[in-house]
Amino acid sequence: MHEFEIIKKYFSKLSFKNKSSLNLNDDVFFDKHKKLVVSVDTYVEGVHFIYFKRPDLVIKKIIRSSISDLICKGVKPKYYFVSGSGNKNSFNKKNLKLISKSLNQEQKKYSIYLCGGDTTFSKKLSFTIMCIGFSNKIVFRNKAKLNDDIYVTGNLGDSFIGLKILQKKIHLNRALTKYFTEKYYHPNLYTNITKKLLSIANTSIDISDGLVADLEKMINNQKLSYKLYLKDIPISKNLNKLIELKIIKKITSVSCGDDYQILFTASPSKSRIIFKTGKTLGIKISKIGKICRSSDKSKIINENNKKIALKNKGYFHKF
């Protein structure tokens with residue numbers, strides 16, 4: 001079973017009497033009356049990050065990945081908790097100093113504050129992050145409407161190339177190696193769009209597991225489908241170079257996750273204000289598709305107006 005089947009079969013029923021849990025089908029806990037928004041994520045060495053040779057970079061990626069859950073809901077993160085499990089090799093003095101320095105930098109960058117956590121001994125290195133924000137409104141999952149436009153912020157795919165470089169599966173020159181690994185360790189987050197999302201988006205999610213996988217999660221309890229246009233999915237100039245050199249296919253690079261961009265849907269009437277918002281805030285926002293009837297069946301259309309067969313929709317934890 002994969003993670004979502006486990007949640008649905010064994011744990012969702014435990015939350016039925018608590019509306020704030022959102023049936024465990026969203027990235028956050030949301031108590032409207034107390035204006036409380038909470039997310040929890042766990043990151044394991046070998047699964048979410050390859051190795052711990054650069055603890056200063058790994059912890060930055062983890063923090064940004066965690067606060068992304070709140071940002072995509074239209075909520076500005078304020079507090080965070082960190083729990084770490086490891087041993088004397090991973091938590092030596094040098095690494096702890098680097099981790100502390102990076103956390104301090106992230107706190108200043110995103111105006112967030114460490115409030116607590118826990119440390120335990122373990123042969124396997126892992127971190128669990130809890131993030132807290134305050135709002136009486138969020139952008140929910142499963143609120144897409146028929147004929148909504150589908151949007152995404154930033155560029156997709158760079159982080160995946162960075163991962164492949166670190167895994168030594170792709171070899172590039174020094175400049176491109178630096179560019180893509182930087183994108184892997186430092187996802188670009190847009191905290192300045194949080195309040196705007198509340199007024200423009202019908203539903204949203206951050207892209208962690210992959211564009212298609214997360215899009216399907218965003219509408220998983222609705223009788224809807226989607227149509228994506230590959231040519232409109234935004235990528236960087238550097239990634240486009242690799243595609244032209246046939247090092248990787250575009251559909252592969254944009255489907256593998258770790259982008260932490262905001263994927264959202266909105267009414268066609270909001271199109272003008274959405275692009276104006278992007279221009280005003282200095283955020284790249286691209287319209288990449290449409291929400292359709294379930295009878296139309298979901299599809300991805302290539303440059304030749306033909307349907308693409310997608311072998312891998314994204315990442316899923318399997319047990």
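Here region 101-134 is the region considered, the condition is being without any contact (Cβ under 8 Å) to a residue 12 or more places away in the chain and surrounded by fewer than 14 Cβ atoms within 10 Å (Cβ to Cβ), and the residue that is farthest from L198 (Cα to Cα) is N104. For region 269-298, taking the residues that are of a type in the set (K, R) and assigned to a helix (DSSP H, G or I), the one that is nearest to P234 (Cα to Cα) is identified as K279.
Determine which member of the set F81, F91 is free of Cβ contacts under 8 Å to residues at least 60 places away in the same chain, aromatic (F, W, Y) and part of a loop (DSSP other than H, G, I, E, B). Write out each step before concluding.
Working: F81 fails: part of a loop (DSSP other than H, G, I, E, B).
After ruling out the rest, the residue left standing is F91.
Cβ separations smaller than 7 Å between residues 6+ apart or across chains give the following pairs from region 293-305 residues that are under 21 Å from N220 (Cα atoms) to residues that are exposed (fewer than 11 other Cβ atoms within 10 Å of the Cβ): S294/K223.
Contact annotation: no residue pair with Cβ atoms under 6 Å, 6 or more positions apart or on different chains, pairs a residue in region 18-35 that is outside the structural domain of S65 (by TED's automatic domain parsing) and on the phi < 0 side of the Ramachandran plot with a partner that is among the small types (G, A, S) and assigned to a loop (DSSP other than H, G, I, E, B). For region 204-224, a residue qualifies if it is of a type in the set (S, T, N, Q) and either surrounded by fewer than 18 Cβ atoms within 10 Å (Cβ to Cβ) or at pLDDT 95 or above (or both), and the qualifying residues are S204, N220, N221, Q222.
Being surrounded by fewer than 24 Cβ atoms within 10 Å (Cβ to Cβ) and either at pLDDT 95 or above or touching a Leu at 6+ places or on another chain (Cβ under 9 Å) (or both) is the filter here; which residues of region 66-88 pass it? Reasoning before the result, please.
Looking only at region 66-88, we keep the residues that are surrounded by fewer than 24 Cβ atoms within 10 Å (Cβ to Cβ), and these are 76, 78-79, 81-88.
Correct list: K76, K78, Y79, F81, V82, S83, G84, S85, G86, N87.
Tell me yes or no: at least one residue of region 251-262 is β-branched (V, I, T), in contact with a Ser or Thr (Cβ under 9 Å, 6 or more places away or on another chain) and in contact (Cβ under 8 Å) with a residue 12 or more places away in the chain. Within region 251-262, one or more residues are β-branched (V, I, T), in contact with a Ser or Thr (Cβ under 9 Å, 6 or more places away or on another chain) and in contact (Cβ under 8 Å) with a residue 12 or more places away in the chain. Within region 142-155, the only residue that satisfies the criterion of being in a loop (DSSP other than H, G, I, E, B) and crowded, with 24+ Cβ neighbours inside 10 Å is D148. Going through L281, L263 one at a time, which residue ends up being surrounded by 17 or more Cβ atoms within 10 Å (Cβ to Cβ), assigned by TED's automatic domain parsing to the domain that holds P187 and touching a helix residue (DSSP H, G or I) at 6+ places or on another chain (Cβ under 7 Å)? From the options L281, L263, the qualifying one is L263. Taking the conditions exactly as written (outside any strand (DSSP E or B), over 23 Å from L163 (Cα atoms) and either assigned by TED's automatic domain parsing to the domain that holds G162 or at pLDDT below 95 (or both)), does K97 satisfy them or not? Considered against the rule, which asks whether it is outside any strand (DSSP E or B), over 23 Å from L163 (Cα atoms) and either assigned by TED's automatic domain parsing to the domain that holds G162 or at pLDDT below 95 (or both), K97 comes out as no.
Looking for something β-branched (V, I, T), in a loop (DSSP other than H, G, I, E, B) and either under 29 Å from L70 (Cβ atoms) or touching a strand residue (DSSP E or B) at 6+ places or on another chain (Cβ under 7 Å) (or both) - is there at least one such residue anywhere in region 250-268?
Residues of region 250-268 β-branched (V, I, T): 251-252, 254, 262, 265.
Next, only the ones that are in a loop (DSSP other than H, G, I, E, B) stay: 254.
Going one step further and asking which of them are either under 29 Å from L70 (Cβ atoms) or touching a strand residue (DSSP E or B) at 6+ places or on another chain (Cβ under 7 Å) (or both), we end up with 254.
Looking for residues that are β-branched (V, I, T), in a loop (DSSP other than H, G, I, E, B) and either under 29 Å from L70 (Cβ atoms) or touching a strand residue (DSSP E or B) at 6+ places or on another chain (Cβ under 7 Å) (or both), one finds at least one in region 250-268, hence yes.
The values are calculated or read from the model by the stated rules, or taken from the named source; none is laboratory data. Everything quoted here is computed from the prediction, not taken from an experiment. Every residue, glycine among them, receives a Cβ derived from its backbone with ideal geometry; neighbour counts consider all protein chains shown.
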